[in-house]
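Novice: Below is the structure I would like to discuss, written out as structure tokens.
The values are calculated or read from the model by the stated rules, or taken from the named source; none is laboratory data. The model shown is predicted, which means the values in this text are computed figures rather than measured ones. Methodologically, a virtual Cβ is constructed for each residue, glycine included, from the backbone with ideal geometry; neighbour enumeration extends over all protein chains shown. Ligands, DNA and RNA are excluded from the accessible area calculation, which covers all protein heavy atoms including side chains. Shrake-Rupley method; radii C 1.70, N 1.55, O 1.52, S 1.80 Å.
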Amino acid sequence: LCFSALPALFKEELRDEEAKEGEAVTLRCELTKPAPVEWKKGHAALKPSEKYKMRQKDVTAELVIQNVTESDA
């Protein structure tokens with residue numbers, strides 16, 4: 001007997017957010033089940049830092065971008 005676990009899917013996709021330069025912005029997504037989330041900008045994975053804060057609780061994942069600049073678009 002072989003079971004294959006269903007993958008986690010996006011229940012709520014990311015939405016475009018607006019912020020003024022220098023402010024912080026929070027991006028949030030919701031999954032169908034708990035699973036690790038990797039945040040990327042283009043092909044580059046983002047790592048926790050002064051600029052990027054990542055939080056995850058159960059099925060909700062958040063990325064907070066501090067001190068937003070035009071290059072964060």
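Novice: Residue by residue through segment 9-41, note down the ones that are within 24 Å of GLU70 (Cβ to Cβ) and over 13 Å from the mean Cα position of the chain (by Cα).
Specialist: GLU18, ALA19, LYS20, GLU21, GLY22, GLU23, ALA24
Novice: For a quick check of your reading of the model, give me the residue pairs whose first member lies in segment 10-35 and is over 13 Å from GLN56 (Cβ atoms) and of a type in the set (Phe, Trp, Tyr), whose second is in a loop (DSSP other than H, G, I, E, B) and open to solvent by 40 Å² or more (accessible area, probe 1.4 Å), with beta-carbon atoms closer than 8 Å and at least 6 apart or on different chains.
Specialist: PHE10/THR32
Novice: Looking only at residues in segment 16-54 that are among the basic types (Lys, Arg) and out of contact with any strand residue (DSSP E or B) (no Cβ under 8 Å at 6 or more places or on another chain), which one is nearest to ALA73 (Cα to Cα)? Can you show your working first?
Specialist: So in segment 16-54, the residues among the basic types (Lys, Arg) come out as 20, 28, 33, 40-41, 47, 51, 53.
Applying the additional criterion that residues be out of contact with any strand residue (DSSP E or B) (no Cβ under 8 Å at 6 or more places or on another chain) yields 20, 33, 40-41, 47.
On the way: LYS20: 11, LYS33: 28, LYS40: 12, LYS41: 9, LYS47: 17 Å.
Ranking the candidates gives LYS41 first.
Novice: Looking only at segment 54-72, decide whether some residue is at pLDDT 95 or above and hydroxyl-bearing (Ser, Thr, Tyr).
Specialist: no
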